[in-house]
Amino acid sequence: MADTSSIEIQSARYAARDLLAWCLVGLLPWLLYLQIAPELPLHQTEFLCFALAAIVMWIFRLTPDFVPGLALLLIVVLLGIVPREIAFSGFYSQVFFLIFGIFVLAALLAETAWLHRLETVLVRKNASFPMRLLAVVAAGVLMTLVVPSPLGRASMVQPLVHRFFQNAQAAGNSFLALAHIHGATLLSTIILTGNPLNFVLLGMLDDQTSNRYQWLGWLQAASVAGLVIAVGFAAALFVFGAKRGAGPRAAMQATDTVHVDPLRDWATLGLYVFLLVAILTRPIHQVPLEWIVLALAMAVFFFSGLTLAKLRSKFDWPTLIFVATVVAWGPMLDHLGLSQWLADQMPLLVPIFERNIYLGFAITMAGVFVIRLAVPGAPAFIILATALLPFAQTIGISPWVLGFTILTVSEGFIWPYQHGVFSQNVTMLDAERISYRMSSLIFFNVFFYLLRCGAIFLSIPFWKALNLI
């Protein structure tokens, strides 16, 4: 009875929270309308009010993330606020086709047995704790190259991590969880294909800038930050994880039998090798990355590498639609003349950046941290990037640099509610009654958050050398 009563109380709380959130969705746009209507034309005012309603829905997660974005596009088109070809431009943009192809290749990879093979090797050798830690990190980092969703990567690696947990080994379990969480997330903004929001940022840039930051261009500009984060991550796991994880080694047992199709597995590996070669030789053949990826995705279907049933279960359709709806925000703001208006609302930051570039970045990152305490990562990035990118040129900073800074810091997290991967791991540990130390997880989350900020500061001289600042 006690459990039933507790569930009912929790359900009532969620219902009350959702009711309050829906009230804010209806109330806040009207308050914004009363505030800005005297100074802005009608279409601009209406767009900002509808956009605020979508943002509130994102913040409280009242619906799947793609629903508010898609609803906003439908409303602004039906009311004649924005032309149809601009509102739905995200669905035929280069970014849309690029991420579509990447998701198809990621779905194909999820059907292979490469992780099962890795687990089989570790089981056979009864791997030590440092080796298990290394395997989890390596799997997460390699997945970052080919799977655009951090949560998707974490879900693919989770069965491997789950096999490594041991009873009465709270310290070791904690560091395995940390390796899993941050191995799947820490480099997600360093590599273009590591996060859907990277493609959103790419879609917010003009065509010339966007072409500069394709796969290799993005990696080059983010290389110093990536190196700092990678070195800090490796040092933390080596100094703390390997030592504290020492203890009696429990024998590992193999998981259930997985169907292995060697032809499909090696063909999938061949596709990724071809993609890597095409990326590295792009200065020679000059074929845009999105068309290469889309051609490989079509080859998957032509040669029956992925059935429709598997595509439905493995393909991240909601994220694809979400990205397409958000990519259209930039063109819509430009069409309505709101980009410059938003830039004019940030007069205090301009002299700070002009006086001291490091102080400007510090204040920007502090603002991102505060906003992320209440707002999920994707909405926080969209809000801040929409507001700050228009004035990047006025302070002599590349819009990519400012967007990358916002994205890298907004993808950081400390508590479970701030990121799906951390929340997923904590939920799994609690459900399986696996011993771990939340204090260790929080402590290292703070360390990795500061590491992200430090990586941005250390990248500033490099960006100056590239004439990005």
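Leaving out ligands, DNA and RNA, and with a 1.4 Å probe, what % of the accessible surface on the chain is carbon or sulfur? Write down the numbers at each step before the final one.
Details: 14500 of 21430 Å².
Summing carbon and sulfur atoms, their accessible area is 68 percent of the total for the chain.
Enter the angle in degrees (range 0 to 90, nearest 10) between the Cα long axis of helix 114-125 and the first principal axis of the Cα atoms of the chain, meaning the one along which they spread out most. Compared with the principal axis, the helix lies near 30 degrees. Net length available on complete extension from His285 to Met298 is 2.7 nm, with 0.36 nm assigned per residue and the Cα-Cα distance removed. Computed over the alpha carbons of the chain, Rg followed by Dmax gives 23.1, 72 Å. Relative to the longest principal axis of the Cα atoms of the chain, the long axis of helix 377-388 lies at roughly 30 degrees. Taking the helices alone, the chain has a mean residue ellipticity at 222 nm of -23000 deg cm²/dmol, built from -39,500 (n - 2.57) per DSSP H run of at least 4 residues and averaged over all its residues.
In this label model, Asn356 and Arg61 are separated by 3.8 nm, measuring between points 7 Å along each Cα→Cβ vector.
Diagonalise the Cα gyration tensor of region 1-81 and give the resulting equivalent ellipsoid semi-axes, square root of 5 times each eigenvalue, largest first, whole Å.
Values: eigenvalues 226, 41, 9 Å².
Gyration-tensor ellipsoid for region 1-81: 34, 14, 7 Å.
Candidates Ser11, Leu349, Pro83 compared by Cα position along the dipole of the chain: farthest toward the positive end lies Ser11, with charges placed on Cβ.
The values are calculated or read from the model by the stated rules, or taken from the named source; none is laboratory data. Since the model is a prediction, treat every value here as computed from it, not as a measurement. In this analysis, Cβ positions are derived from the backbone assuming ideal geometry, glycine residues included, and neighbour counts consider all displayed protein chains. Keep in mind that these areas ignore ligands, DNA and RNA; they rest on the heavy atoms of the full protein, side chains included. Shrake-Rupley method; radii C 1.70, N 1.55, O 1.52, S 1.80 Å.
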